[in-house]
Amino acid sequence: MTVKDLRDHSSKRRVLLQRLAAGASASLILRAPGASLAASPDDPARAGGKIQATPARRREGDMVYRRLGRTDLWISEISLGGSPLPDERLLYGLLDRGVNYIDTSDSYENGNAERKTGRAVKRFGRDKIHLHARFHLQGPWTEASIIASVEGSLRRLAMDDVDILGIHGVENAEHLTDDRILGAFEKLKTRGIYRFRGLTCHVNAHAVIPKAVESGLYDMVQIGYNVFDIQETEKNVQTYNDYLGESGIRKLIDLCRTRDIGVTAMKVLKIGGRRQALTADQTAGGLFPAMLKWALGNDHVASVVTEILNEEQMEQDLGAVGKSLTAAERRGLYEHVAANVRDYCHFCGACEKACPASVPTARISRSLVYLESYGKPDRAGEEYRSALGEGTSAPVCADCGACERSCPYGLPVRARTRRASALSSGTHHSTPK
């Protein structure tokens, strides 16, 4: 299946979607990401040497813990993202049930997520919670501004150090080896501020993650990974994979494995960010736990970072711990993907590279997620304006279609860009498709 085939919205695609929707997915035998660790000779996972053995895991009570790559930190299969954190009653309940990893940033809840995390650490003990704190590359950032940002986070956390210090939302692979960033890392390391280096990546992962692996400077990465990244078929089974596209995310995770770089997965329940958009039947059928099980089926994913904001979500998410997908769950996931694939952007950046006017289409698409999926219009507007850059009112789109011709998923990129343009004026209140 070539990229051209992926863009061909032919009757073949329509027939396949109809078959999936009708429950005929049994004839399309797709491999779960963790079903086999074997790699072909030309697989990128071979580039750095032999694929690492399956990381160890262990159970303590009702929680399962996995090793986060070469950090040797043992973190819970389900962990907490800090945007936002749950209220403290629920937060403490989750920690009581074995969750021991929190991902936070100075931008979450205007710094209050860090303060809340600090209080939790004081209550439960430093050895009970592993922290991944992150700094942003915003404005005219410098080595000094990075250090100042980290110092501010430590004050809000009321802590002297963190387990992992990371860069938030890396889009430019060259930033990973920028002297300003490396200088800040080195000075903070000398002071004992952190033990391991990390990063998160929302856009342009196919350039950022290989650079992180190649550099040898980073111990873990956090990457978007969910059931829409299903991509490969069993050998000798004729099927069409164009309705799912080829995100290549699993190959990036395998590439991390070659250097024993730890991986945590985000956006696992955010199918377009829309956790709350599932029907009552889908929720009752366990679609959320199934999504978590799918991601954790990849043995090199140490943990799934989720937002858990109420008791129902807590039970749904913790219900996936230590469990594998059933055949019925797998079928339900594939049907869900088939029904929603046209609304899901992988932020791979192919559209941006193809645009003759350099419109930041992938980053603009991400701003829509905050509006249409997270229900955060203010954050959506901020992301949109950040994507355009200072002093720019709107992208200059020539409507040539190069973005859509380059998209491996056949998404309506131009329509998404037009929808997002209203974000700059705050007039975007509906969610037309």
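On the stretch given as segment 139-177, residues that are surrounded by fewer than 19 Cβ atoms within 10 Å (Cβ to Cβ), β-branched (Val, Ile, Thr) and assigned to a helix (DSSP H, G or I) total 2.
Scanning segment 72-86 for residues that are at pLDDT below 95 and either touching a His at 6+ places or on another chain (Cβ under 7 Å) or outside any strand (DSSP E or B) (or both) yields a count of 6. Out of the residues in segment 254-272 that are under 12 Å from the mean Cα position of the chain (by Cα) and modelled with pLDDT of 95 or more, state the one that is nearest to VAL208 (Cα to Cα). Among residues in segment 254-272 that are under 12 Å from the mean Cα position of the chain (by Cα) and modelled with pLDDT of 95 or more, the one nearest to VAL208 (Cα to Cα) is VAL263.
The values are calculated or read from the model by the stated rules, or taken from the named source; none is laboratory data. Since we're looking at a predicted model, the values are computed, not measured. A quick note on method: Cβ atoms are made from the backbone with ideal geometry, for glycine too, and the neighbour counts reach across all protein chains shown.
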